[in-house]
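Take a look at the structure below.
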């Protein structure tokens, strides 16, 4: 069961604990089917390497979706994401093993606005690489 984050319970500067999200080859293939994006760099290592990538990479939108999931899980049911945006800075490289990659998302309440809205600044990393920049969400809490 999700917990509702209340507007009155957060302050600017409040840190939101990091959450890890797995990215495996299987999750990428599933995302291909769900999104309709079957670009071979997301599932074929030979072709990914032939175009200069280190290995298969996760879809940028897959990575962004994990950040969105982080926001909605933190905010809880009844909250409303009113703005959400990121810039993609590095790919999430997904090796063909039982572990894959891990995307770690954390955040900070950057600002409290009127109308029960808060601005969140998000950080997304895979290994040592920052994979999203300018990741921000505006959420209306209860």
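The values are calculated or read from the model by the stated rules, or taken from the named source; none is laboratory data. The model shown is predicted, which means the values in this text are computed figures rather than measured ones. Glycine also receives a Cβ, built like all others from the backbone with ideal geometry; neighbour counts cover every protein chain displayed.
Among the residues of region 119-133, write down those that are surrounded by fewer than 16 Cβ atoms within 10 Å (Cβ to Cβ) and closer than 14 Å to residue 63 by Cα. First the steps, then the outcome.
Quick first cut of region 119-133, residues surrounded by fewer than 16 Cβ atoms within 10 Å (Cβ to Cβ) only: 121, 127-130, 133.
Matches in region 119-133: 127, 129, 130, 133.
Within region 10-33, the set of residues being over 16 Å from residue 126 (Cα atoms) and assigned to a loop (DSSP other than H, G, I, E, B) comprises 10, 11, 12, 13, 14. Taken over region 90-142, the residue count meeting the criterion of being free of Cβ contacts under 8 Å to residues at least 60 places away in the same chain, out of contact with any strand residue (DSSP E or B) (no Cβ under 7 Å at 6 or more places or on another chain) and under 18 Å from residue 6 (Cβ atoms) is 1.
Yes or no: residue 112 surrounded by 14 or more Cβ atoms within 10 Å (Cβ to Cβ) and farther than 18 Å from residue 73 by Cβ?
yes
For the residues 138, 92, 51, 104, the requirement of being surrounded by 14 or more Cβ atoms within 10 Å (Cβ to Cβ), modelled with pLDDT of 95 or more and over 19 Å from residue 15 (Cβ atoms) singles out 92. In summary, residue 3 fulfils each of the numbered conditions (1) at pLDDT 95 or above; (2) closer than 30 Å to residue 114 by Cα with the single exception of condition (1).
Out of 87, 46, report the one residue that is exposed (fewer than 14 other Cβ atoms within 10 Å of the Cβ) and either in a loop (DSSP other than H, G, I, E, B) or in contact with a strand residue (DSSP E or B) (Cβ under 6 Å, 6 or more places away or on another chain) (or both).
Numbers: 46 fails: either in a loop (DSSP other than H, G, I, E, B) or in contact with a strand residue (DSSP E or B) (Cβ under 6 Å, 6 or more places away or on another chain) (or both).
The conditions single out 87.
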